[in-house]
């Protein structure tokens with residue numbers, strides 16, 4: 001268990017969020033394929049469904065989390081920057 005914990009802690013926050021939602025997308029896709037009687041359960045359907053859902057959920061959630069972190073860093077830098085005295089004129 002500590003190996004998984006150490007491996008997980010290597011990633012930054014946005015990457016952890018992206019991996020979590022990719023796993024969630026893959027899990028929901030597999031459940032959906034198994035429950036739908038009209039979908040053939042083949043390695044191809046499981047693989048393509050997992051690739052598409054996991055990739056989409058992972059990349060989009062990573063991008064949103066990454067943009068949020070970048071905006072928060074920019075706001076923090078703007079608040080920490082000294083105020084320019086010429087702005088009051």
Q | Matching option when the condition is surrounded by 13 or more Cβ atoms within 10 Å (Cβ to Cβ) and either in contact with a helix residue (DSSP H, G or I) (Cβ under 7 Å, 6 or more places away or on another chain) or more than 30 Å from residue 27 (Cα to Cα) (or both), among 81, 65 | A | 65
(Q) Just checking: which of the helices (runs of 4 or more DSSP H) contained wholly in the chain hold 1 or more residues that are within 19 Å of the chain's Cα centre (by Cα) and at pLDDT below 85? (A) 2-9
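The values are calculated or read from the model by the stated rules, or taken from the named source; none is laboratory data. The shown structure was predicted, so the numbers you read here are calculated from the model rather than taken from an experiment. Don't worry about glycine lacking a Cβ; one is built from the backbone with ideal geometry, like all the others, and counts go over all protein chains shown.
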